[in-house]
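As structure tokens, the structure follows; a few thoughts come after it.
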Amino acid sequence: MDRRHGPLALVLALCALQGLIISLAQHYQVPAARYVQPVSASLIPPMVWIAFQITAVRRLAWRDSLHLSGVLVVIAVMILQPQLLDTLIPALFVGYGCAVLWVCRAGADALPHMRLEAGDTPVRIWQIMGWALIASALSDGLIVLAQVIGAAYLQPWIISIYSSATLIVIGALTLSGALVTGPPEPEEAPLPREADALDAKIMEQLEALMTQTQPYLNPDLTMSHLSRRMRVPVKQLSGAINRVTGENASRYINAARIAVAQKALLAGENVTSAMLGAGFNTKSNFNREFLRVAGASPSDWLDAQQR
């Protein structure tokens, strides 16, 4: 397992542990679990954020450890002002959920460490995780409503069902194959470049690379890797692709892969062989991108070409 996947595994473990703690606290009335529940809950949002950053955006940095300081704040509040926990814990979930959504607003280009083969799927998965974090905070509103209408006895069930559902969603999404990253890249250092460099020049360089070495045939290709090969910062490269082609980098690369697959199909190769030879690892990604580019499934497209 790539070491960047460790945070995803930890998020999954935290979700499973939190589900157990909620059960012990709310249904089995274990006193110790009631004290552990807010502390363990406060670990989940920052760990989702750290996992997001490390697997999709950048390498691990010392500043990531600062996000865990929220746990210390929760412990202090438990001791000094426990009534504030009902505000603090939801605020953590909402805050980190909004942070994930904010980074994802730029689409797939915001996730340079994700395999380009996966298209827009990784960003959608992370967006769902962001919304799941925000949604988990809404359970407090339901608890207040239950108390107002005289149904306080529903509180344990609200916490259990709502929180468990959110944890299951987050935990399940961490297992998605679309979150597999490419091989580790060296840290991207700021590279000197003329401030007036034109997008057309970057695209000319990229197209020459695509023609000469066909990097898109590597299923582990990421924007970070392309950036290093071209000695162009990721943001500048993705911006040039966006402005010149009107597509994000993932769609640009996958269109080149589909062109290779189409030639292979016309040459008599079967769909699986064409898929693998074009740089796709999974049939779902291949079929999705083929349909997007060609407007038909591989078999339907080939039938149309042979008529």
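Details
- Residues of the stretch 20-40 that are in contact (Cβ under 8 Å) with a residue 24 or more places away in the chain and among the aliphatic types (A, V, I, L, M): Ile22, Val39.
- Scanning the stretch 51-63 finds one or more residues that are within 30 Å of His225 (Cα to Cα), free of Cβ contacts under 8 Å to residues at least 12 places away in the same chain and among the polar types (S, T, N, Q).
- Residue in the stretch 296-303 that is free of Cβ contacts under 8 Å to residues at least 12 places away in the same chain, aromatic (Phe, Trp, Tyr) and surrounded by 13 or more Cβ atoms within 10 Å (Cβ to Cβ) present: no
- Elements of type helices (runs of 4 or more DSSP H) contained in the stretch 1-85, each with 3 or more residues being surrounded by 13 or more Cβ atoms within 10 Å (Cβ to Cβ) and at pLDDT below 80: 6-26
- Residue within the stretch 99-107 that is on the phi > 0 side of the Ramachandran plot and in contact (Cβ under 8 Å) with a residue 60 or more places away in the chain present: yes
- Residue match in the stretch 222-234 (condition: β-branched (Val, Ile, Thr), at pLDDT 90 or above, under 19 Å from Arg288 (Cβ atoms) and crowded, with 22+ Cβ neighbours inside 10 Å): no
- The residues of the stretch 86-112 that are closer than 27 Å to Leu221 by Cβ and either surrounded by 14 or more Cβ atoms within 10 Å (Cβ to Cβ) or touching a helix residue (DSSP H, G or I) at 6+ places or on another chain (Cβ under 7 Å) (or both), listed by number, are Val100, Leu101, Val103, Cys104, Ala106, Gly107, Ala108, Asp109, Ala110, Leu111, Pro112.
- Taking the criterion of being buried (at least 17 other Cβ atoms within 10 Å of the Cβ) and touching a residue at least 60 places away in the same chain (Cβ under 8 Å), the residues of the stretch 265-281 that qualify are Ala278, Gly279, Phe280.
The values are calculated or read from the model by the stated rules, or taken from the named source; none is laboratory data. Because the structure is predicted, anything quoted here is derived from the model rather than measured. Cβ atoms come from the backbone with ideal geometry, glycine included; neighbour counts cover every protein chain shown.
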